[in-house]
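Report on one structure; see the data block that follows.
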Amino acid sequence: MQKEKVLVTSALPYANGPIHLGHLSGAYLPADIYVRYKRLKGDDVLYVCGSDEHGVPITITAEKEGVTPQVIIDRYHNLNKSAFEKFGMSFDIYSRTSLPIHHKTAQEFFLNFYEQGILNEKKTLQFFDEKVKMFLPDRYVEGTCPKCGYEEARSDECEKCGALYDPSELINPKSKITGETPSLRETSHWYFPLGKFQMRLEDYVKEMSEKYGWKDNVIQYCNSWFKDGLRDRAVTRDLDWGVKVPLPDSEGKVLYVWFEAVLGYISATKQLGEERGDPDLWKKYWQTDDTKYIAFIGKDNIVFHTIIFPSMLMAWNDGNEDKYILPQNVPANEFLNFEGKKFSKSRNWGIDVHEFLEIFPPDPLRYTLAANLPENKDTDFYWKEFQARNNNELADILGNFVNRTFIFAHKHFNGEVPARENLSEMDKEMLTMLEAAPDKIGDLIERYKLKDAVLEMMNVARAANKYFNDSEPWKTIKTDKQKGANTINICLQTIYTLAELFSPVIPFTSDKLFKSLNSKPTDWYEAGKSVLPAGTKLNKGEILFTKIDDKEIESQTNKLGEPEEEKEKFNEIITIDDFAKVKLRSGKILEAERVKKSEKLVKLKVRLKGETRQVVAGVGKFYSPEELVGKNIILVANLKPAKLFGIESQGMILAVEDAEGKLNVINLPDNVLPGTEVR
């Protein structure tokens, strides 16, 4: 089988906090399983990752703690690097974007685009804190939304209602650094013309998805961006922390983290080459057509790896002879939740990886996550499921089979692999299944169906247990020793195959199995065919998995807790007469379409009694237009019309936010007529 040269990246985790189990399920464990499998196959694989260490959240954390950003990134880079190592991640390099080699690489891209005339300089108004003499990024400004009155809105966007507005419209803006009212000052930034690449990006996504089977969630996400139309994006911002803009008179400006972070994959590969004494190593993977580049991410990073990063590489390739390859596939996963809710550090809901691994070994966690990967929809981690996977599958199925086989081999065959001869039909069927397993499982991994692959791995262990039981070696060892020898020989062959098949998922356990068998891994596709030579001396087997009791799980669940939420304060009390001024009416949505250049806004046509209204609603992140058509909603019918993105909105529909942060449009029963009063 032809060997491949494969470049694999996992999204760079942000060095502003510890990674949790959801992160593992999104971008890291799937990539590690894939990489380990490809290496066993004999492919030339390079696996690159590292910490994303710039951006405003890091500076905010540093200011809160009264330390420098470097202190924050050092803390979390080292913490996460250690957690990844204990979890068994097989990165070739785990780099960081604060290194000089990354700054140089990012600046080279910026200067190349600047010199090609790709970047456009534009002047904008931005908040400026006079007290500390600095421009304030959006996260540093808080005020009242001019659309819905939410008092913790950012400078240009309201997270509550989804409204986008000019910073000058924000009511009562305050600097989060000093608490002072900032002024608006003119500043200039360079913009990348993303829209100019839209047609090429559409062709690229279409070609790659048809050739290599991109996931539906990735294709749909890309198409929604294309439908809204791509527009210019600023590549610089006013900030001290980050990669400095390499131009004269650009003091206080850095490259926007969205622009430079993805280039961390390239700079990390350059660093690896230098460490290996092969400075051109990165070119062998990034600039040769025979490389297959796979980018593993969570769904929140789809746009950066299917649209933004490819457009940057296209822009480079247009003006340079040394051309970069683009991702062949971007198998993005959905989100993993924790016990039915989103991970939340503030609510003490969830567990970080480094904390988990202080309590339990890594392989049961790897197996549990792999068996429940959010490949096509969000899934949940439950402590009880973790216990059940460990006890009922790893311990009772895989561990039990291995333990029984080694006990028999040591007791009845002097701890050696017995010879086999005159095999029965049952023996031959077991060997046939073993021979077919690597192909079947390998095909699933190649198509990024990792959850199905894990199921098939455990099915081999299930079949092995059945074979052991049906063969009854405890009986045949007394009546027909050769028959018993055949059974134990084939069971040991099965353990060898299982060690290889499970190696991408539970590598620490597989290492133990190979050690007990006194053997080494083979080529993946030979794992079901390789024969352990008769007479091979076995090492002593060991208990692979310790069962987890109910008290341990109860102890972990008791650590969870959502602190009682602070009672909401209502500073302005209204009378029934005040409420009576608000006219709520039922309405039926007749038409819906996305507002161009907005991720959140949807333009609706709503039928009331005797009239049709045009309403702009900020629910586009949670509903497609098709899902909204036909809904019976509640409309604030006497709200003063307002313009959003230049479109007049004649009312406001009511929605409620659930525990996961999703806005749910209030939907009335079908028998409520449009225009009915809601009271």
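When the residues of segment 517-547 are narrowed to those that are hydroxyl-bearing (Ser, Thr, Tyr) and assigned to a loop (DSSP other than H, G, I, E, B), which ends up most open to solvent (accessible area, probe 1.4 Å)?
By that ranking, first place goes to 546.
Working only within segment 47-78, note down all residues that are farther than 22 Å from residue 237 by Cα and either aromatic (Phe, Trp, Tyr) or at pLDDT below 95 (or both).
Matches in segment 47-78: 47, 65, 66, 76.
Please find, within segment 500-512, the residue that is surrounded by the most Cβ atoms within 10 Å (Cβ to Cβ) out of those that are touching a Leu at 6+ places or on another chain (Cβ under 7 Å) and either of a type in the set (Asp, Glu) or over 15 Å from residue 39 (Cβ atoms) (or both).
Looking at the filtered set, the residue picked out is 500.
Restricting attention to segment 551-568, which residues are at pLDDT below 90 and open to solvent by 90 Å² or more (accessible area, probe 1.4 Å)?
558, 559, 564, 565, 566, 567, 568
Counting just the residues of segment 89-133 that are among the β-branched types (Val, Ile, Thr) and open to solvent by less than 40 Å² (accessible area, probe 1.4 Å), which one comes out farthest from residue 70 (Cα to Cα)?
118
Tell me whether segment 37-47 contains one or more residues that are in contact (Cβ under 8 Å) with a residue 60 or more places away in the chain, open to solvent by less than 10 Å² (accessible area, probe 1.4 Å) and of a type outside the set (Lys, Arg).
Looking for residues that are in contact (Cβ under 8 Å) with a residue 60 or more places away in the chain, open to solvent by less than 10 Å² (accessible area, probe 1.4 Å) and of a type outside the set (Lys, Arg), one finds at least one in segment 37-47, hence yes.
Filter segment 225-264 down to the residues that are basic (Lys, Arg) and either without any contact (Cβ under 8 Å) to a residue 12 or more places away in the chain or open to solvent by less than 40 Å² (accessible area, probe 1.4 Å) (or both) and list them by number.
237, 253
I'd like the residue in segment 461-494 that is under 43 Å from the mean Cα position of the chain (by Cα) and of a type outside the set (A, V, I, L, M, F, W, C) and, out of all such residues, is surrounded by the most Cβ atoms within 10 Å (Cβ to Cβ).
Of everything passing the filter in segment 461-494, 494 is surrounded by the most Cβ atoms within 10 Å (Cβ to Cβ).
Taking residue 71, is it among the β-branched types (Val, Ile, Thr), without any contact (Cβ under 8 Å) to a residue 24 or more places away in the chain and surrounded by fewer than 22 Cβ atoms within 10 Å (Cβ to Cβ)?
Against the criterion (among the β-branched types (Val, Ile, Thr), without any contact (Cβ under 8 Å) to a residue 24 or more places away in the chain and surrounded by fewer than 22 Cβ atoms within 10 Å (Cβ to Cβ)), residue 71 qualifies.
Please indicate, with yes or no, whether at least one residue in segment 270-286 is assigned to a loop (DSSP other than H, G, I, E, B) and either touching a Lys or Arg at 6+ places or on another chain (Cβ under 9 Å) or buried (at least 21 other Cβ atoms within 10 Å of the Cβ) (or both).
So far as segment 270-286 goes, yes, one or more of its residues are assigned to a loop (DSSP other than H, G, I, E, B) and either touching a Lys or Arg at 6+ places or on another chain (Cβ under 9 Å) or buried (at least 21 other Cβ atoms within 10 Å of the Cβ) (or both).
Take segment 356-371 and flag every residue that is touching a residue at least 40 places away in the same chain (Cβ under 8 Å) and among the acidic types (Asp, Glu).
363
Pull up segment 162-211, narrow it to residues that are under 30 Å from residue 615 (Cβ atoms) and of a type in the set (Ser, Thr, Tyr), then point me to the one that is surrounded by the fewest Cβ atoms within 10 Å (Cβ to Cβ).
If we take residues in segment 162-211 being under 30 Å from residue 615 (Cβ atoms) and of a type in the set (Ser, Thr, Tyr), then 168 is surrounded by the fewest Cβ atoms within 10 Å (Cβ to Cβ).
The values are calculated or read from the model by the stated rules, or taken from the named source; none is laboratory data. Since the model is a prediction, treat every value here as computed from it, not as a measurement. Positions of Cβ are generated from backbone atoms using ideal geometry, with glycine treated the same way; all protein chains shown enter the neighbour counts. Note: areas computed on protein heavy atoms with side chains; ligands, DNA, RNA excluded. Shrake-Rupley method; radii C 1.70, N 1.55, O 1.52, S 1.80 Å.
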